[in-house]
1. Would you tally the net charge around Val260, using a Cβ to Cβ cut-off of less than 14 Å, leaving Val260 out, and scoring K and R as +1, D and E as -1?
2. Step through the residues of the range 46-51 one at a time and calculate ³J(HN,Hα) from phi using the Karplus curve (6.51 cos²θ - 1.76 cosθ + 1.60, θ = phi - 60°), rounding each to whole Hz and writing x for Gly and Pro.
3. Structure shown: which of Lys148/Lys303; Lys148/Lys168; Lys189/Lys232; Lys158/Lys303 lie over 21 Å apart, alpha-carbon to alpha-carbon?
4. So which aspartates and glutamates pass the test for Lys59, namely a Cα distance under 15 Å, with those fewer than 8 places away in the same chain ruled out?
5. Tally Lys/Arg at +1 and Asp/Glu at -1 over every other residue whose Cβ is under 13 Å from the Cβ of Ser102; what's the total?
6. Restricting to DSSP loop positions (anything but H, G, I, E, B) with no more than 16 other Cβ atoms inside 10 Å of their own Cβ, which GluC sites (Glu not before Pro) remain in the range 176-253?
7. Taking the Cα centre of the range 207-278 as origin, sum charge times position over the Cβ atoms of Lys and Arg (+1) and Asp and Glu (-1), and report the length of that vector in debye to the nearest 20.
8. Can you tally the net charge around Glu143? Count Lys and Arg as +1, Asp and Glu as -1, for every other residue whose Cβ sits under 15 Å from the Cβ of Glu143.
Amino acid sequence: MKKNNRHPWFIRILSLFFAILLYLNANTTPRSSRVTTQSRVFESVAANVPLVVTYDEDKYYVSGHPETVDVKLKSDNKILLDKESNSETRGFSVRADLSGMSEGTHDVQLETINLPNNMEATITPSRIQVTIEKKENNSFVVEPAIDKSIFATGYSLKSATVTPTTVKIEAGNDTLSRVARVIASVTDKQNVTEDFSQNVTLYAVDNEDQIMDVRINPTTARVDVSVQAPTKRVRINPVQSGTIPSGIREFQFELRDDIVEISGPQDVIDGIEAIELKIDTSNIRKTVSSSYPVPVPRSVTAKPETVLVTVTPVMDDTQTTSTSKKEEQTEQTKDATDSTDTSR
């Protein structure tokens, strides 16, 4: 009988335990489920997205707008976000629609085209100001503009030519009327000492050298630059070298031009006050005129490169007297022999 009375209490306790367990499970499981199923939003910036400007290109010229814009993208799809952020796989574009607008300055709202449905975009800047003008074109001569600071010390610009020599500019009528010239500028070199050629981007500028917003065709040109090296005039000093043949006391040297112009690095030519020209006299026995190259360091050039030198040997007086006496004795011996033969 006692055994039967204890059994209901055991069941009641066990029921209470399961009731508490079910209560806890009912109040904790939904919360956990909400946390795990909550979607995450990813963000990325598509930088330098080309701006597409639509207008009547045959009739108008548009200026003032940026070439590119930045677009901040948001999406819960990371793969799609990466695709649209990459310039090589991007499917959307940014447009400024000027269709139907007339000449003048306009404030235009930018818009995205073909943006995926589950993606948000914020364009920077979101609005732009553009100027619409009647389109005109004209031809201009291209002028070289060489920055003097690109040359090494003492070096300077000798000449510069541009190819092509003329280009065509397309712009609004008011803008085109303010174009003063088209320049091919070279500014990105240092310590230039030799001639060079370089392809550069062309710019149209006004009378105050401000760059104009125009379309140039072609957009680039080749600039050929000739460099003038530091120069200096110095004297040529001929000196005897080699051996002096027997019977010659010395040599006299006469130069047609004893001044030459040398060119080269400033620090090198500054150290040259005169040029010593060695004349090898080992095989010279009579007056002779010959051209000799002007000796200069490897980095220096001379103008002219050769000089004409007349070399005159001066005979030794002692040797000349001895030879004369021998000749006189020989003559006397000959005369004596002739007299003897006659008396016979």
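1. Surrounding charge for Val260 is -1.
2. Result, ordered by residue: 8, 8, 6, 7, x, 8 Hz.
3. Going by Cα-Cα distance, Lys148/Lys303; Lys148/Lys168; Lys189/Lys232 fall outside the 21 Å limit.
4. Glu103, Glu133, Glu136, Glu170, Asp174
5. Here the charged neighbours net out to -1.
6. Glu194, Glu208
7. Using only the charged Cβ atoms, the result is roughly 360 debye.
8. -2
Every number here is computed from the coordinates shown, using simple stated rules; none is lab data. If you're wondering where the values come from, they're calculated on a predicted model, not measured in any experiment. Neighbour counts are summed over all protein chains in view; Cβ atoms, including those assigned to glycine, are modelled from backbone coordinates with ideal geometry.
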